[in-house]
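To start, the structure under review is shown below, and the notes come after it.
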Amino acid sequence: MSFRLLRLHGFRGLSLNLLGTALLIAACLLSDTVQADVKKADQAAAADQTERVTTTRTESYWCTKCKRNHTRVVNYIVEEPINISVEPTTEQPQPSASKATEEPNTPEPNIAEKSSTPQSVTVSQQSSTTSVLEMLNAQRSRRGLRSLQFDADLQRVAEMRVLKMVRMRMKGHPPGSFAPGRYEGVGWTSNSSPSEIRACYTSSPNMRAAGAAMAQGPDGVYFAVVYR
């Protein structure tokens with residue numbers, strides 16, 4: 001009899017151990033599931049707080065059919081965060097029971113606060129970069145040199161350089177690199193005519209491509225042409 005009781009007691013202990021292990025595994029699985037649901041909810045909330053904004057940009061390109069530069073408008077889609085502001089709710093005062101007539105409860109007008117952000121210097125990009133390249137190619141053609149081909153990478157560098165010239169009010173070469181370009185021409189004129197683009201001209205026969213940018217500053221028009 002004592003031998004049978006010992007065997008039964010050992011079987012009960014083993015069953016309790018297995019039951020405890022199963023409960024521990026179930027608790028871990030439930031915790032992982034809850035964490036995954038919370039992560040999905042956070043990702044969905046972050047996605048709801050962004051919106052897609054379409055911006056446009058004018059760029060030049062070289063046409064292989066007519067062998068000329070043209071301009072086109074390219075649309076870019078940018079995701080921007082949505083600023084959600086929640087206005088606090090104020091409790092309306094209860095009308096007094098001692099008054100014979102109730103006065104209308106007119107809300108006070110909301111006065112919009114003016115932004116204290118300082119106004120930045122606005123620089124308007126000119127869309128006539130194609131005409132700049134055409135003028136440079138016309139000068140090179142009169143001297144028997146090959147025409148310059150449009151290069152999108154060089155144009156982006158030229159845009160950054162001309163914006164730096166406007167911000168620094170510098171009518172010469174701004175500091176910094178103009179890579180991947182090998183030569184840079186800059187110019188400035190007090191009027192809006194691109195006739196002073198002659199200052200950006202180069203007669204080097206080794207230059208085969210270029211990117212041009214032209215920006216209107218507060219004191220005139222700035223030019224930058226990057227060659228390679």
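The values are calculated or read from the model by the stated rules, or taken from the named source; none is laboratory data. What you are looking at is a predicted structure, and each value in this text was computed from that prediction instead of being measured. All Cβ positions, even for glycine, are placed from backbone atoms using ideal geometry, and neighbour counts span all protein chains on display.
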Considering only the stretch 146-189, state which residues are touching a helix residue (DSSP H, G or I) at 6+ places or on another chain (Cβ under 6 Å), within 12 Å of V226 (Cβ to Cβ) and among the small types (G, A, S). G181, G185
Just checking, does the stretch 155-177 include any residue being in contact with a Gly (Cβ under 6 Å, 6 or more places away or on another chain), closer than 20 Å to R68 by Cβ and assigned to a helix (DSSP H, G or I)? yes
Subset of the stretch 174-191, residues under 10 Å from R161 (Cα atoms) and either surrounded by 14 or more Cβ atoms within 10 Å (Cβ to Cβ) or touching a Leu at 6+ places or on another chain (Cβ under 8 Å) (or both), comes to P174, F178, E184, V186
Residue satisfying all of: in the stretch 192-211; at pLDDT 90 or above and of a type in the set (A, V, I, L, M); surrounded by the most Cβ atoms within 10 Å (Cβ to Cβ) among these: A210
